[in-house]
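A.B. asks: Below you will find the structure I want to go over with you.
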Amino acid sequence: VQLQASGGGLVQAGDSLRLSCATSGRTFNPNAVGWFRQAPGKEREFVAIWNARITYYADFVTGRFTISRDNAKNTVDLQMNSLRPEDTAAYYCAANQNRIASRSARSAHMYGYWGQGTQVTVSS
């Protein structure tokens with residue numbers, strides 16, 4: 001099982017980006033897919049989770065980011081609007097076969113599979 005994150009890039013403050021997380025390998029239909037991010041010199045932090053149609057967000061992205069599943073593409077996407085310079089980071093998607101309780105979604109160890117990061121850079 002492999003996760004592939006894509007869609008990062010260099011944008012200006014206020015712009016939008018859409019990240020996608022695709023799975024490949026043996027048949028894998030995760031019930032939980034999350035996005036984390038890590039900025040240089042900072043710890044990895046939780047961004048959002050799609051949890052079998054239930055979504056949960058970090059406070060700092062509520063209202064700006066939306067996580068959703070695209071069944072046609074078999075991806076879980078993160079639509080990021082009103083981007084800020086402080087959103088600059090490498091964004092990682094992670095997945096788990098079983099659902100993850102919202103109270104545990106922030107814990108990276110709850111996710112069994114991780115993809116490589118996609119860089120998002122927001123200029124001021």
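A.B. asks: Please give the number of the condition S68 fails out of (1) open to solvent by 30 Å² or more (accessible area, probe 1.4 Å); (2) farther than 16 Å from P30 by Cα; (3) part of a strand (DSSP E or B).
C.D. replies: (2)
A.B. asks: Okay, moving on. Would you be able to tell me the number of residues in region 71-87 that are surrounded by 18 or more Cβ atoms within 10 Å (Cβ to Cβ) and either at pLDDT below 95 or assigned to a strand (DSSP E or B) (or both)?
C.D. replies: Number satisfying all stated conditions: 5.
A.B. asks: Further question: In region 3-31, how many residues are more than 20 Å from A72 (Cβ to Cβ) and modelled with pLDDT under 95?
C.D. replies: 1
A.B. asks: Out of (1) surrounded by 17 or more Cβ atoms within 10 Å (Cβ to Cβ); (2) at pLDDT 95 or above; (3) assigned to a loop (DSSP other than H, G, I, E, B), what's the single condition that is false for K42?
C.D. replies: Of the numbered conditions (1) surrounded by 17 or more Cβ atoms within 10 Å (Cβ to Cβ); (2) at pLDDT 95 or above; (3) assigned to a loop (DSSP other than H, G, I, E, B), the odd one out for K42 is (1).
A.B. asks: Say whether the condition of being out of contact with any helix residue (DSSP H, G or I) (no Cβ under 6 Å at 6 or more places or on another chain), open to solvent by less than 20 Å² (accessible area, probe 1.4 Å), aromatic (F, W, Y) and not in a loop (DSSP other than H, G, I, E, B) is met by at least one residue in region 88-95.
C.D. replies: Yes, that holds for at least one residue.
A.B. asks: Identify, by number, the condition in (1) part of a helix (DSSP H, G or I); (2) farther than 22 Å from N31 by Cα that H109 doesn't meet.
C.D. replies: For H109, the exception is condition (2).
A.B. asks: If you scan region 103-117, which residues turn out to be closer than 18 Å to T62 by Cα and within 15 Å of the chain's Cα centre (by Cα)?
C.D. replies: A105, R106
A.B. asks: Within region 10-29, can you find the residues that are over 18 Å from V47 (Cβ atoms) and open to solvent by 60 Å² or more (accessible area, probe 1.4 Å)?
C.D. replies: Within region 10-29, L10, Q12, G25, R26, T27, N29 qualify.
A.B. asks: Out of all the residues in region 71-101, which are hydroxyl-bearing (S, T, Y) and closer than 19 Å to N29 by Cα?
C.D. replies: Of everything in region 71-101, those that are hydroxyl-bearing (S, T, Y) and closer than 19 Å to N29 by Cα turn out to be T75, Y92.
A.B. asks: From the set of residues in region 96-124 that are among the hydrophobic types (A, V, I, L, M, F, W, C) and closer than 16 Å to I54 by Cα, which is most open to solvent (accessible area, probe 1.4 Å)? Reasoning before the result, please.
C.D. replies: Applying the first criterion (among the hydrophobic types (A, V, I, L, M, F, W, C)) to region 96-124 yields 100-101, 105, 108, 110, 114, 120, 122.
Applying the additional criterion that residues be closer than 16 Å to I54 by Cα yields 100-101, 105.
Numbers: I100: 4, A101: 41, A105: 0 Å².
My answer is A101.
The values are calculated or read from the model by the stated rules, or taken from the named source; none is laboratory data. Just so we're clear, the structure is a prediction, and the values are computed from it rather than from any experiment. Glycine gets a Cβ as well: all are built from the backbone with ideal geometry, and neighbour counts include every protein chain shown. The area values use the complete protein model at the heavy-atom level, side chains included, leaving out ligands, DNA and RNA. Shrake-Rupley method; radii C 1.70, N 1.55, O 1.52, S 1.80 Å.
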